[in-house]
Amino acid sequence: MNKITCLLIVLVLSSCQKEDKVDIPTYLEIDNITLDVGSTTSNITDAWVYVNDQLQGVYELPAKFPVLEEEIQTVRIKAGIKINGIASSRIAYPFYTSYFEDITFTPNETKTITPIVSYLNGIDFFLEDFEGSGLEIDTDS
């Protein structure tokens with residue numbers, strides 16, 4: 001019995017190895033996402049962040065978050081909105097283009113990104129002119 005106990009202690013102590021490598025993240029910071037049309041009513045509230053086409057996360061703007069990547073990576077950012085203004089329902093707005101940037105990730109650095117998105121090609125807007133609205137009555141003598 002004493003030999004088995006000693007063998008178990010030796011096995012347990014020899015199997016415990018301390019891992020020396022600790023991953024240090026690079027921080028990405030996004031203050032806002034701008035719509036290139038210049039519209040002030042875009043209501044972009046979120047950033048959907050992808051690193052090498054893998055979803056990193058969805059972050060409410062302004063955001064600062066860690067990324068555990070190294071060297072040059074492709075970052076794609078989609079503009080997000082609240083569906084019907086409800087805070088718990090969020091989507092990446094399907095009518096905006098994605099923002100792409102190649103970023104060199106260096107541990108313990110903060111990279112600031114200022115994404116600019118635009119409307120997709122082929123989207124037609126119907127703009128209502130409310131100046132002439134109402135009932136027009138023609139009179140003749």
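The values are calculated or read from the model by the stated rules, or taken from the named source; none is laboratory data. Since the model is a prediction, treat every value here as computed from it, not as a measurement. So basically every Cβ, Gly included, is an ideal-geometry build from the backbone, and we count neighbours across all protein chains shown. Note: areas computed on protein heavy atoms with side chains; ligands, DNA, RNA excluded. Shrake-Rupley method; radii C 1.70, N 1.55, O 1.52, S 1.80 Å.
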*Tell me, yes or no, whether the range 36-52 has at least one residue that is open to solvent by 70 Å² or more (accessible area, probe 1.4 Å) and in a strand (DSSP E or B).*
no
_Failed item, numbered, when Ser89 is tested on (1) more than 29 Å from Phe125 (Cβ to Cβ); (2) among the polar types (S, T, N, Q); (3) touching a helix residue (DSSP H, G or I) at 6+ places or on another chain (Cβ under 8 Å)_ = (1)
*For the range 83-95, enumerate the residues that are open to solvent by less than 50 Å² (accessible area, probe 1.4 Å) and assigned to a loop (DSSP other than H, G, I, E, B).*
Ser89
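Can you confirm whether Gly80 is surrounded by 13 or more Cβ atoms within 10 Å (Cβ to Cβ) and of a type in the set (Gly, Ala, Ser)?
yes
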*asked:* Of everything in the range 36-67, what is among the hydrophobic types (A, V, I, L, M, F, W, C) and within 15 Å of the chain's Cα centre (by Cα)? Give them in sequence order.
replied: Ile44, Ala47, Trp48, Val49, Val51, Leu55, Val58, Leu61, Ala63, Phe65, Val67
*Look through the range 96-119, keep the residues that are aromatic (Phe, Trp, Tyr) and surrounded by 12 or more Cβ atoms within 10 Å (Cβ to Cβ), and return whichever of them is modelled with the highest pLDDT.*
Tyr99
*Kindly check whether there is at least one residue in the range 54-69 that is of a type outside the set (S, T, N, Q), open to solvent by less than 40 Å² (accessible area, probe 1.4 Å) and farther than 18 Å from Tyr27 by Cα.*
no
*Residue check: is Thr74 modelled with pLDDT of 90 or more and open to solvent by less than 50 Å² (accessible area, probe 1.4 Å)?*
no
